[in-house]
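Structure first, commentary second.
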Amino acid sequence: MTPRKKLDQKVFDDIYHKEVIEALEHDGDLDFKDIGKTYLQKGTCPKCGERTLYIARDKPYQLKCNRLKTRERYRHLFENLSERFPKTEENPNATADAYLQRNRGFDISQLTGCYTQGRRKLKDGQWADTVRFPLCNGHWERLIDATAVKANANIKAGIKKGMTYLGNGWLPPGLKINRSDRLYIVEGIFHAIALHLAGFKAIASISANNFPWALIEANKGKSITWVISLDDDAAGHLMIPKYLRQLRDQNEIAWVALAGERDWDDVYRDGDLDQAFMAEAEYRGRLFTAENTTKLAYLMYLRRQAAFFLIEFRNRLYSAKVNQAELSKDLGEEKVEGNRETFTKHVKIKQVANCIPNLEYLEKDIVTSEQRYFFDFQFPDKSRSCKAPLAPNAITDPRGFARSLLEHTPGGNFEGGEAVLAMLKNKWLNDEHRPVRTVRSLPFVGYDDTTGLYCYPTFGFHQSKELPVNSHGFIDIGGNGIKTSLANFKLERCQEFNPEWFEDFLAVNGLNGLAILSWWTATYFVQQIGEKQASFPFLEFTGQPGAGKSTLLRFLWRLTGRENHEGIQPSGAGATLIGLSRTLAEVSNLPVMLIESDKEHIDSQGRKVVVQFHFDEFKRLFDYHATLRVTGVKTAGNETRTTYWRGALGISQNNSVDASEATLSRIVELHATKDHHSLALKPRADRLKSMSAQDLGGYMRRCLGFEQQWLARFFDAFPRYEQRLQAVPAIKEARIALCHAQVLAAAYATQALFPAWSDADTENLAKHLELRAIARQQRCRSEHPDAATFWQIYHYLNERVVTITDSNGTREEIHETLNHSNERGVVAINIEHFQEACRKAGQEVLTRAQLQRALPQSTTYKFVETKKAYSRIERRTINCWVFKKP
């Protein structure tokens with residue numbers, strides 16, 4: 001067959017020799033240092049960062065460094081063509097022409113009359129341009145613009161409603177089938193066009209589940225070679241053996257060709273679709289369809305005559321050992337090819353693994369720098385196939401590898417020796433065509449400030465665009481792979497955002513609900529806020545039991561895509577110290593809610609005692625990138641490893657937080673009551689409760705897609721609200737104004753997401769948070785209740801009037817009975833002495849735990865220290881709490 005003219009280069013001059021070359025020359029990121037007449041050289045590779053990038057001016061299709069394609073880098077030149085090339089009266093196919101030329105790389109002069117430009121209604125109700133090909137009793141069409149594909153739920157193509165192509169397919173224009181022809185049966189129309197333009201006869205079956213039996217029936221007995229060339233994927237692999245068997249059962253000549261990792265039109269566009277490639281594709285097809293291990297070993301030996309090699313057959317791994325001396329003796333002057341039976345006598349095949357282990361990538365933790373090798377294990381029983389990371393020592397020796405398979409796979413077994421493992425390692429680690437890839441592993445879920453990527457187990461966001469997790473389990477950004485190691489952190493990708501629930505939410509939760517929703521939304525951007533403002537406030541949500549705290553928090557978690565979650569109890573049965581530390585470290589740009597951190601019990605004297613978690617421990621988490629833990633690295637040196645705080649802290653409990661003034665000033669407190677509960681609101685509350693994470697989880701995705709606009713509104717509004725709060729005379733602490741202003745700015749930014757959220761709602765929220773800021777100021781300046789009780793009892797018991805008669809006469813003096821200090825202006829109290837005096841006087845006896853929590857925060861007298869001091873009362877040294885009088 002005479003190959004057709006592959007491309008008319010003049011057709012593409014305006015695309016590549018003008019637009020692409022100009023884009024390359026002015027690309028600041030690639031920064032070519034050597035711009036010559038023939039090559040652009042010494043550019044910075046966006047994947048490896050080295051100055052190893054070059055490209056030819058006459059063929060500017062691939063950036064030569066790890067096969068970077070100009071078409072991938074300059075997508076704007078090849079996508080969304082409806083605006084750049086709209087159809088006209090003179091050329092009603094202008095957009096379709098541009099798509100086939102630019103995006104597909106086809107010479108449309110050879111496709112005249114076989115397509116038109118059409119329109120298709122999308123899932124969202126809009127209409128979009130398509131390139132349309134007549135097919136059977138209707139047509140097949142493909143959406144042209146990338147924006148249209150996204151609006152159509154990523155469904156790229158479709159057929160005319162009501163038509164059928166069962167048993168038929170699409171033939172390129174002018175194709176005639178003659179006796180003894182070779183015809184390639186591919187899936188897609190673009191695949192068939194690519195082969196057609198490259199000089200090969202082809203037909204598109206449209207789907208792997210369809211086969212052009214009508215065409216085969218019409219050409220039976222003509223000695224035609226039918227080459228099944230479906231996509232080299234799971235669907236194709238499932239159907240190819242079936243079609244091959246059916247063709248051969250009809251005494252037709254049938255073979256298989258597999259294109260490999262690229263589609264047929266990609267191979268054509270890269271300039272590789274020639275006779276040599278087709279021969280290689282058919283060789284891959286013969287390997288795939290080999291009926292037993294002996295046939296497969298024979299085919300592989302024909303390509304490379306090695307004495308020992310590995311073969312993969314039906315997802316099992318075998319070794320083949322060839323006695324080459326005896327084989328040569330038996331063959332004599334003949335070649336191996338054509339003497340399969342002779343070869344079979346001299347080859348020993350042994351199963352060495354009951355699965356196929358494929359190294360997918362090297363996973364490197366960004367914090368610890370620890371490396372793991374991430375494998376894909378394929379079993380004959382697909383239900384057992386799995387992916388698992390193995391430690392480096394797992395692949396150092398056969399015994400370790402066999403043990404790792406048993407530990408990480410459902411019954412994986414390895415029986416190979418050193419030679420087999422050495423060959424596997426050479427394939428995994430030293431393959432020049434597929435070098436091992438390094439993927440950054442994040443030990444948390446959420447925002448990575450190095451790349452600006454939001455990384456979750458099943459999806460991600462980068463620069464407001466949603467990105468999928470690929471089949472290997474990571475997200476690809478410009479050639480860099482990133483994944484989270486916390487694959488079990490359940491955060492689902494849910495339905496699209498629908499704000500219709502907002503009116504019910506506002507009615508049920510009021511201004512507290514608006515404030516918490518605003519703070520919660522801001523947690524999705526807490527690192528961007530912290531980077532500019534150095535801190536982010538804690539949220540405290542208090543209220544009597546039954547006020548709706550848990551219901552609201554669970555609703556907010558469902559907005560984030562997390563079902564059946566409220567928070568973590570920071571002490572007691574809730575979490576160990578290490579468990580709590582890891583919980584804080586596992587999220588980035590997400591909240592961590594501490595719940596039920598206060599415990600109430602009745603002591604031996606019948607008093608209600610409230611014991612709280614010591615929140616001063618977390619005071620540092622207010623600051624941007626605060627240190628969570630510092631641990632030692634197991635080395636001979638002094639290296640340490642630091643874990644940073646990347647989230648936002650929320651606290652939900654019945655009682656207000658007891659802590660130092662420094663901690664209290666970092667908190668925005670909201671208090672829930674039952675006052676607004678009514679039967680009229682119950683239907684609305686029930687509707688909110690009935691909504692699942694699948695219904696609501698699109699909210700976080702909408703926020704991340706709105707990232708830049710949300711942050712712009714936040715930073716624009718913050719100075720106004722901070723000045724407003726600073727102008728309130730009752731608010732003295734700058735930190736209190738800062739924290740409440742950040743929540744107000746978050747409310748202003750979040751308002752843009754809800755059409756039903758009015759400016760009046762935001763103003764009412766501003767007034768509400770002003771009152772909360774004033775209450776917080778008063779709370780910071782007030783004495784702790786236990787400390788106030790202590791000083792009240794102290795002043796009652798400490799002083800007694802003593803009448804003294806001496807040479808100077810009779811007079812009354814005041815003596816201190818509890819202050820052990822002789823120093824003026826200093827109070828030194830022994831706790832045991834104080835409690836004994838309380839019992840004798842019938843006063844309330846505060847427990848040591850209560851006093852240890854309350855006295856360090858004392859404002860009546862400033863706490864100095866606890867120490868051993870000489871007592872003027874006891875005339876000995878005792879333990880004292882020392883305070884300084886104002």
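The values are calculated or read from the model by the stated rules, or taken from the named source; none is laboratory data. Not measured: the values here are computed from a predicted model. Positions of Cβ are backbone-derived with ideal geometry, glycine not excepted, and every protein chain shown enters the neighbour counts. Calculation scope for accessible area: heavy atoms of the full protein, side chains included, ligands and nucleic acids excluded. Shrake-Rupley method; radii C 1.70, N 1.55, O 1.52, S 1.80 Å.
Using a simple spin-label model with pseudo-atoms 7 Å out from Cα toward Cβ, Glu639 and Val864 lie 4.7 nm apart.
Rounded to whole Å, the principal axis extents of the Cα atoms in region 359-481 read 49, 30, 28, largest first.
Taking other residues whose beta carbon is less than 14 angstrom from the beta carbon of Trp140, and scoring Lys, Arg as +1 and Asp, Glu as -1, yields +4. Our note on the geometry: Cα centres of region 616-632 and region 133-168, 55 Å apart. Each Lys or Arg adds one and each Asp or Glu takes one away; over the other residues whose Cβ falls under 11 Å from the Cβ of Phe718, this sums to +2. Of (1) 1.00; (2) 1.02; (3) 1.10, which one was derived for Rg/Rh (Cα atoms, Kirkwood Rh) from the structure shown? From the options (1) 1.00; (2) 1.02; (3) 1.10, the structure gives (3).
Take the cross-link list Lys619/Lys689; Lys295/Lys427; Lys87/Lys150; Lys222/Lys329; Lys156/Lys483 and give me the ones stretching past 31 Å between alpha-carbons. Those over the limit are Lys619/Lys689; Lys222/Lys329.
Taken over region 667-729, the convex hull of the Cα atoms encloses 168 Å³ per residue.
Among Val845, Ile159, Ala391, whose Cα sits farthest toward the positive end of the charge dipole of the chain (+1 at Cβ of Lys/Arg, -1 at Cβ of Asp/Glu, about the Cα centre)? Final value for the positive-end residue is Ala391. For region 290-358, the list of trypsin sites (Lys or Arg not before Pro) that fall in a loop by DSSP and count at most 14 other C-beta atoms within 10 angstrom reads Arg304, Arg314, Lys335. In percent, rounded to a whole number, the relative contact order of the chain is 6, using alpha-carbon pairs under 8 Å and six or more apart. Loop-resident GluC sites (Glu not before Pro) (DSSP state other than H, G, I, E or B) in region 246-312 with no more than 10 further Cβ atoms inside 10 Å of their Cβ: Glu261, Glu291. Of interest is the spacing of the C-alpha centroids, which for region 490-527 and region 736-763 amounts to 12 Å. If only the Cβ of Lys and Arg carry +1 and only the Cβ of Asp and Glu carry -1, the dipole of the chain around its Cα centre is close to 1140 debye. Per residue, the solvent-accessible area of the chain (1.4 Å probe, heavy atoms of protein chains only, all protein chains present) comes to 49 Å². Each other residue within a Cβ distance under 12 Å of Ala353 adds +1 if Lys or Arg and -1 if Asp or Glu, for a net charge of 0. Within region 203-275, the proportion of C-alpha pairs whose separation exceeds 20 Å stands at 33%. In the structure shown, the pairs Lys176/Lys242; Lys364/Lys425; Lys490/Lys532; Lys425/Lys634 are assessed against 22 Å; a Cα-Cα span above that value is assigned to Lys176/Lys242; Lys490/Lys532; Lys425/Lys634. Given a 1.4 Å probe and every protein chain left where it sits, what share in percent of the accessible area of the chain is carbon and sulfur? That fraction is 48 percent.
Relative to the longest principal axis of the Cα atoms of the chain, the long axis of helix 502-523 lies at roughly 80 degrees. For region 667-738, applying the loop criterion from DSSP together with a ceiling of 14 other beta carbons within 10 Å to the chymotrypsin sites (Phe, Trp or Tyr not before Pro) yields no site. Separation of region 467-486 and region 692-710, taken as the distance between their Cα centroids, equals 20 angstrom. Binning the C-alpha pair distances of region 459-518 at 5 Å intervals from 0 yields a P(r) profile of 4, 13, 17, 16, 13, 12, 12, 8, 4, 1 %, listed from the shortest bin outward.
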